[in-house]
Amino acid sequence: MEYQFRDIEKKWQAKWKTDKAYQVRNDFSKPKFYVLDMFPYPSGAGLHVGHPLGYIASDIYSRYKRLKGFNVLHPMGFDSFGLPAEQYALDTGQHPAVTTKKNIETFKAQLDNIGFCFDWEREVQTSDPKYYKWTQWIFLQLFNSYFCNTEKKARPISDLIRKYETKGALPKTGEPVPGRHFTAEQWKNFSEKEQADILMKRRLAYCGYGEVNWCEALGTVLANDEVVNGVSERGGHPVVKKTLRQWYLRITAYADRLLEGLDKVDFSDAMKEMQTNWIGKSSGAEIDFEVKKPAPALPEEKKGASKLRVYTTRPDTIFGVDFMVVAPELEMVQELKSAEQAAAVDEYLDYVKSRSERERMAEKKISGVFTGAYAINPFDGREIPIWISEYVLAGYGTGAIMAVPCGDERDHKFARHFTIPITNIIGSHYNGEEANPTKEAILENSGFLNGLLMKDAMEVAIRAMEEKGIGTRKVNYKMRDAAFSRQRYWGEPFPIVWKKGIAYPLPEDQLPLILPDVEKYGPGPDGEGPLSNIKDWTDRSLETNTMPGYAGSSWYFLRYMDPHNEKAFCDRKVADYWNQVDLYIGGTEHAVGHLLYSRMWTKVLFDLGHIGYDEPYRKLVNQGMIQGSSRFVYRISGTKIFISKSFRDKFYEGGWDEYYQAKEEINSQLGYVAIEKDGAISYEALSKNYRPNTFNPEHIQEFSRTFKIDELHVDVNIVDGYTLSIDLFKKWKPEFEMAEFVLEEDRTKYICGAEVEKMSKSKYNTVNPDDLVMKYGADTFRMYEMFLGPVEMSKPWDTKGIEGVHRFLKKFWRLFADEIKGLIVTDDAATPEELKVLHRTIKKIEEDTERFSFNTAVSGFMIATNELNDLKCHKRAVLEPLLLLITPYAPHIAAELWALLGHNDSVLDAPYPKFEAKYVAETSKEYPISVNGKLRTTLNIALDAAQADVEQLVLNNEVVQKWLEGKTPKKIIFVKGKMVNVVM
RNA sequence: GCCCGGGUGGCGGAAUUGGUAGACGCAGCAGACUCAAAAUCUGCCGUUCGCAAGAAUGUAUCGGUUCGAUUCCGAUCCCGGGCACCA
């Protein structure tokens, strides 16, 4: 009876499917455990070996928890709205729904092949109307809510309306500002449009005009996290700033709670830091400076405000301010420029406009211009020149800064560049060459702050400013509200109707608002989405934008709990039962996108009372990326001659001797002169490899040149390690059919070059899990992916090692069954030694599985199998528990053997073996004995021996005596059951 | 530039967090079985010296704490990831 993994796996997968073995019930009586994988975007390329890594880890953990008696929810679905499907539709005219459906089928087949325990009855697809009905519904919750700043939570917008109707909106202190503040009476007199505009400024999902990241190539806006280095994350197209009507999520309102929430969840430090940096909280002060304009460029009546408000995190440096900088985009620049500086300022503004976001980021040139105006330092009356420069961002703080060159690197460079005198307020901490941003210096030249430590001066300065009424404490965030609309087709339509410029939510009973079919997927007029091409749609005045990719993924974890509910996104009782995701597995690439959005949505749903927790994921594990290990072949340019790697190395890195040697060897192997004396490719080499009808001898001049070597990616699947399979290579592509090969000098192998790169089709370094499952079985594949190393670590894929894991499973099988005799398991009683192996293994596997150390757990199975093999142990008492231990890792082989052992129940629900310490207990132990920390010998010592006896035993030992040379040791150290150290 | 990780054999990686470094696997070498191959099994496998027993040395580099350091501290050098005019 051999290990027929293919038959076994097929059989059990079919059985589990008909038995609905993976069906999960909302059984409130059982303890629950929720394991979730970040669901995939179903791309056309299918799975490669990198994708299942996280799924295998979560699958093992789910199955383990199930054996431990938990009701485990481990669902899977598809993030099926998104750009690539639409791009594909644009190119081919195929409806995204069609291609998406096809891709999902491929994905599911591939996943099932690996034997995951997903309950497909709970599958969700974000592009399914039954699903996006609730995405739209949650959007309406966001639209119909505002963030209450006193309670720090979302509340229904109706509460706000009631407040406006009864109390209006008046400032707590000071004078009301027209346009911002109003009485209840005024509110009632506002037109509907005026009221709607005011409310829009508070809604959690709101529509507004703003600068957005516009990507012309994709024809849509992108959220900040979708833009990397000034180009789009997907496709790398240029991105420009554009002012457009857009929908936004008021995620900034939740900045503090998103930050605080990080303390309650188990994410890696790196992940927490990425989110913290993205939110970018800083505290400081806003300070008003009086502005003095000597010769205004504008007529007196248009002069406007005469105050400049800046934001700073270092109010303690107020006496070190040597100039002010205002962002060029700010309108107040017009008011600030003086008559004689007006031309220079205008010229600079033109220059700034001409520069793209990309240029600005790529070359950080120091540039700027003096406005002609001065600010007055409120404490010493000093006149401070006001400049404009692009290094100050309009969108952060007040768009204006006070520059302290001795303490800030950028200010320092600016001051140096424009030779602005620098005031030193930190004494010897400033060396005149470089700014020093320290907070530890004692202040000098700082008026009433003199002699104070900077850290302490901060408070003193803020208080003084508040007393004078010229400054206030202020917290700022780098994070901006998230752009929430896309001018695309393949996304959720907004359940919004526009009438006379007012956005009305669609009534709930009209959801879902179904995405209509379109004839063409191209953009509509004025940069609007494809939906604007549909007459029926525009006739109904429906919003023509669609929601971005992250809409559906922001709440999907809730839908899995109650996927077929048509009355609610999820029943409250069910949501309470399954509660938070106990374990969430996915890549780090979603750190500042998906994870932040989904945390925000959860908080909103919590605030509005729809669910009972405000963090979606209790623990997050980031699986590493599996990189591709690419292989290269080396072709002499213009020929079909491929040279093995060592020749390329000799040509590239070797000296003249190597060069001539390599050349001779190449010519000798080919049997004709391919490389001439002068290093040119011979006529023969060229003509031999071109078909006569395509090669014109007249072109000989053109072709006769010093040779170059082309480096070509070769499909890793036709390379064994580094050795190229020449037969397969010739068949791989028609153009290689006639290829000639120069082998290594032993003339047996063609060796390829190698490099670690991202796995991708174009680099021919992808490995399809289907092929490996076919060749070695799903169980081997699962265990091998885990064996590769810690789940969190990124590592290059190496197919070679899979043999070792496969050998192990075959050996494991042979503990139970024999080729000739069949099942060889006996009912004999286990020896103490065998029980020791078993219980040591139980302990190890359980600990390793709990702490996610699946690679060492697999090693543990291998060690146990080797040991039992050595002991020739084929006893049921030992093998049965071992079988249960391995079930989460290799469910198919476990199920088969479990059945062979005569069990009728399912191995998936068998009780997990219990570790019993008594079997591994020892009476004596071989102790390492070291002298002065150096290992000298070992001694067998009874565990219950008194310390004095052990000391005597150690001192009497002849090896120890030899090292002591008759001297008495200073002390003898006993390391808790581990070793004994004699200190001289 | 700033902030996180991390540097261990030919390779992937272990080391219960201060206690025999290199588990387990791959690759390699030698051998057994076989007409042969596959499969399987056995032994060796950081470096140096040695026939061997053994000894010395060794976890990026240098220094420190300790009876004892891959682990803790300081400095330096590399590699990976994130952020990048956020005042």
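The values are calculated or read from the model by the stated rules, or taken from the named source; none is laboratory data. Owing to the predicted nature of the structure, the values given are computational and were not obtained by experimental measurement. Here Cβ is always computed from backbone atoms with ideal geometry, including for glycine, and neighbour counts include all displayed protein chains. These area figures cover heavy atoms from the full protein model, side chains too; ligands, DNA and RNA do not enter into them. Shrake-Rupley method; radii C 1.70, N 1.55, O 1.52, S 1.80 Å.
For the stretch A:821-952, the Stokes-Einstein estimate of translational diffusion at 20 °C and a viscosity of 1.002 mPa s comes to 126 µm²/s, using the Kirkwood hydrodynamic radius over alpha-carbon pairs. How far is helix A:342-354 tilted off the main Cα axis of chain A, in degrees rounded to 10, range 0 to 90? With rounding to tens, the tilt is 30 degrees. Within the accessible surface of the stretch A:802-850, defined with a 1.4 Å probe on protein heavy atoms only, the carbon and sulfur portion equals 48 percent.
Which value, in debye to the nearest 20, gives the size of the charge dipole of the stretch A:35-183 about its Cα centre, when Lys and Arg are +1 and Asp and Glu are -1 at the Cβ? Show your work: numbers first, answer last.
On the way: 18 positive and 15 negative charges, 158 e Å.
In debye, rounded to 20, the stretch A:35-183 gives about 760.
So if I place +1 on the C-beta of Lys and Arg and -1 on the C-beta of Asp and Glu, and nothing else carries charge, what would the dipole magnitude of chain A be about its Cα centre? I want it in debye, nearest 20.
In debye, rounded to 20, chain A gives about 1720.
Seen against the Cα atoms of chain A and their longest principal axis, helix A:5-18 is set at about 50 degrees. Converting phi to 3J(HN,Hα) with the Karplus coefficients 6.51, -1.76 and 1.60 and the offset θ = phi - 60°, the stretch A:951-963 yields 4, 4, 4, 5, 5, 6, 5, 5, 5, 5, 4, 4, 6 Hz in sequence order, with x at every glycine or proline. Histogrammed with a bin width of 20 Å, the alpha carbon distances of chain A distribute as 10, 29, 32, 23, 5, 0 percent, first bin at zero. Within straight-line reach of residue A:976, meaning a Cα separation under 23 Å, sit the following lysines at least 8 residues removed in sequence or on another chain: A:836, A:843, A:844, A:918, A:925, A:934.
Here the stretch A:424-528 has 50 percent of its accessible surface on carbon and sulfur atoms, given a 1.4 Å probe and all protein chains in place. Listed by chain and number, the lysines whose C-alpha is less than 16 Å from the C-alpha of residue A:775, apart from same-chain residues fewer than 8 away, are A:10, A:800, A:810. Derived scalar couplings between HN and Hα for the stretch A:472-486 equal 9, 4, 8, 10, 10, 10, 6, 4, 10, 4, 8, 5, 10, 10, 10 Hz in order, rounded to whole Hz, by the Karplus curve 6.51 cos²θ - 1.76 cosθ + 1.60 (θ = phi - 60°), x for Gly and Pro. Return one number: the angle in degrees, 0 to 90 and rounded to the nearest 10, between the long axis of the Cα atoms of helix A:876-886 and the longest principal axis of the Cα atoms of chain A. Tilt relative to chain A: about 30 degrees.
Taking the 1.4 Å solvent-accessible surface of the stretch A:1-46 as the whole, the part contributed by carbon and sulfur is 52%. Near residue A:615, no amide H atom lies under 5 Å from its own; only residues 5 or more places off or on other chains count, and H is placed 1.01 Å from N. Measuring with a 1.4 angstrom probe and ignoring ligands and nucleic acids, residue A:192 comes out at about 110 Å² accessible. Using a simple spin-label model with pseudo-atoms 7 Å out from Cα toward Cβ, residue A:163 and residue A:859 lie 5.9 nm apart. The dipole here belongs to the stretch A:529-612: it is taken about the Cα centre, uses +1 on the Cβ of Lys and Arg and -1 on the Cβ of Asp and Glu, and is about 80 debye. The Kirkwood radius of the stretch A:414-562, taken over pairs of alpha-carbon atoms, gives through the Stokes-Einstein law at 10 °C and 1.306 mPa s a diffusion coefficient of 74 µm² s⁻¹.
Projected over every direction and averaged, the convex hull enclosing the alpha-carbon atoms of the stretch A:9-108 yields 8.0 nm².
Each of A:55, A:718, A:166 was scored by the projection of its Cα onto the charge dipole of chain A, and the greatest displacement toward the positive side belongs to A:166; charges sit on the C-beta of Lys, Arg, Asp and Glu. Partners of residue A:281 within straight-line reach, counting lysines whose Cα lies under 17 Å from its Cα and excluding those fewer than 8 residues away in the same chain: A:152, A:272, A:474, A:478.
Per the helix-only calculation at 222 nm, which mean residue ellipticity applies to chain A, given -39500 (n - 2.57) for every DSSP H run of n ≥ 4 and division by its residues, nearest 500 deg cm²/dmol? Each step should come with its number before you reach the end.
Details: 34 runs with 347 residues, N = 984.
Helices in chain A give a 222 nm mean residue ellipticity of -10500 deg cm²/dmol.
Solvent-accessible area per residue in chain A equals 47 Å², computed with a 1.4 angstrom probe and all protein chains kept. Rounded to the nearest whole Hz, the Karplus-based 3J(HN,Hα) values (6.51 cos²θ - 1.76 cosθ + 1.60, θ = phi - 60°) of the stretch A:41-51 follow the sequence 8, x, 7, x, 6, x, 7, 10, 4, x, 4, with x at glycine and proline. Per-residue SASA remark: residue A:1, around 80 Å² accessible (1.4 Å probe; ligands, DNA and RNA not included). Taking amide H as placed 1.01 Å from N in the peptide plane, the amide H of residue A:740 sits under 5 Å from that of A:641, A:642, each at least 5 places away or on another chain. Look at the dipole of chain A built from charges on Cβ: of A:36, A:80, A:784, the Cα furthest out on the positive end belongs to A:36. Close amide-amide hydrogen proximity is noted between residue A:627 and A:795, A:797, each under 5 Å apart and 5 or more residues distant or on a separate chain (H modeled in the peptide plane; Pro and chain starts excluded).
In terms of the mean number of neighbouring beta-carbon atoms within 10 Å, the peptides A:53-66, A:380-393, A:524-537, A:944-957 order highest first as A:53-66, A:380-393, A:524-537, A:944-957. Each peptide in A:548-558, A:42-52, A:27-37 receives the mean, over its residues, of other Cβ atoms within 10 Å, and ordering these scores from highest gives A:548-558, A:42-52, A:27-37.
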